[in-house]
Every structure is written in structure tokens, then in C-alpha cells.
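First up is the structure itself, then whatever we jot down about it.
The values are calculated or read from the model by the stated rules, or taken from the named source; none is laboratory data. Values in this document were obtained by computation on a predicted structure and should not be read as measured data. Here Cβ is always computed from backbone atoms with ideal geometry, including for glycine, and neighbour counts include all displayed protein chains. Remember, those area values only see protein heavy atoms, side chains included, never the ligands or the DNA or RNA. Shrake-Rupley method; radii C 1.70, N 1.55, O 1.52, S 1.80 Å.
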Amino acid sequence: MFDGVRRSYTLLILFLNEVIEELGTDRGLEMLQAAVEKQAEVIHSELLRELSHDSPPLEIGDVVYRTFMEEAGAEIVVHERDDSSIIYRVARCPFYEAFLDVGIDCGYFLGGLCVNLTLPAIQAILSRFDGRLRVESRLVRESAEEFCLERIFLGA
């Protein structure tokens with residue numbers, strides 16, 4: 001299953017590159033953000049059926065993050081957790097491996113992918129549940145042997 005998911009992201013990355021070449025980076029990212037918002041609405045609607053509205057915000061953030069990343073095919077574990085945040089260790093990641101498939105320098109460009117696709121998609125869903133919930137990258141892998149760290153927390 002992981003390989004099929006990775007291939008889907010490979011296609012997405014190749015398509016995104018074509019869009020950016022044709023329309024420019026600004027317009028391509030603008031279109032991507034519009035798609036992210038539409039996807040967030042769909043996932044939010046799905047998760048509303050599964051989540052209790054009286055769940056603590058950080059628990060909602062945990063469910064949202066896990067659902068998005070695990071269903072996307074990533075292998076994640078809680079790296080660190082306290083009362084104010086959860087840090088996830090992202091090991092095997094189809095987004096990362098898709099970049100390897102198309103020969104893009106992942107150590108450099110993956111931060112761009114996370115900043116422009118993955119994290120905004122998660123953030124858009126989180127914001128629909130609680131406007132204070134935030135997601136951020138803490139560490140971006142620089143090689144296939146490494147891992148990423150991402151954090152969910154309550155902001156101001």
C-alpha cells in the first residue's frame with residue numbers, strides 16, 4: 001500500500017511542477033492553497049462524525065494529525081508529549097520518497113513541500129476545529145535515513 005501512495009504523490013509532485021512551470025510559482029501555490037482549503041472542508045466533515053465536540057483541543061489535534069498523516073501513508077510515532085504540545089516523529093514518509101522518485105533534492109525542497117502542502121493542509125483542518133490549534137515543523141530530514149519532527153500545539 002505504501003508504494004501505491006508514494007506513486008500517487010509522485011504524480012502530484014510532477015503535476016505541481018508542470019503547473020508551476022506553466023503558470024509560475026505564485027499562481028501555482030495560490031491554486032494549491034485553494035485546493036488545500038477544499039480538502040480541509042472534506043476531511044473536517046468526515047472527522048466531525050468521529051470526534052466528540054467536548055474533547056480537549058490537543059486531543060482533537062492529535063486525531064486530526066494522525067488521521068491526515070497515517071492515511072497519507074506516513075509512519076508516525078509520538079516523540080514527545082506534554083500538557084501543551086505533541087511532537088511526532090515522522091519516519092517512513094511517502095511525500096519524502098516521492099521527491100526521491102522524481103530526483104528532487106529532498107533535503108532542500110522537502111521543507112518547501114511541508115511548508116506549502118502538508119502542513120497547510122493539516123493546519124486548515126485543525127483551524128476548523130479550534131482556531132488556536134497549530135502545527136509546525138521542528139526538524140526536516142536531510143536524508144532518507146533521518147526523520148522529521150512535527151509539533152501540534154495550542155497557540156494564542
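Numerical summary
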item: The chain: most fluctuating residue of 129, 15, 68 per GNM, C-alpha cutoff 10 Å; result: 15
item: Alpha-carbon centroids, region 43-57 and region 1-27: separation in whole Å; result: 30 Å
item: Estimated distance in nm for a label pair at residue 142 and residue 33, the labels positioned 7 Å out from Cα along Cα-to-Cβ; result: 3.0 nm
item: Span-like helix ranges in the chain, DSSP H, alpha carbon extent 15 angstrom or more, Kyte mean at least 1.0; result: 119-129
item: Selected from 63, 33, 19, residue furthest toward positive end of dipole (region 1-77; charges at beta carbon); result: 19
item: Pairwise label distance in nanometres, residue 85 with residue 154, each label 7 Å out on the Cα-Cβ vector; result: 1.5 nm
item: Carbon/sulfur fraction of accessible area - the chain, other protein chains in place, 1.4 Å, %; result: 52 percent
item: Percentage relative contact order, the chain, counting C-alpha pairs under 8 Å, at least six apart; result: 28 percent
item: Span from the region 75-104 Cα centroid across to the region 122-145 one, whole angstrom; result: 10 Å
item: Rounded if a/c under 1.5, otherwise prolate or oblate - region 40-99, Cα gyration tensor axes; result: oblate
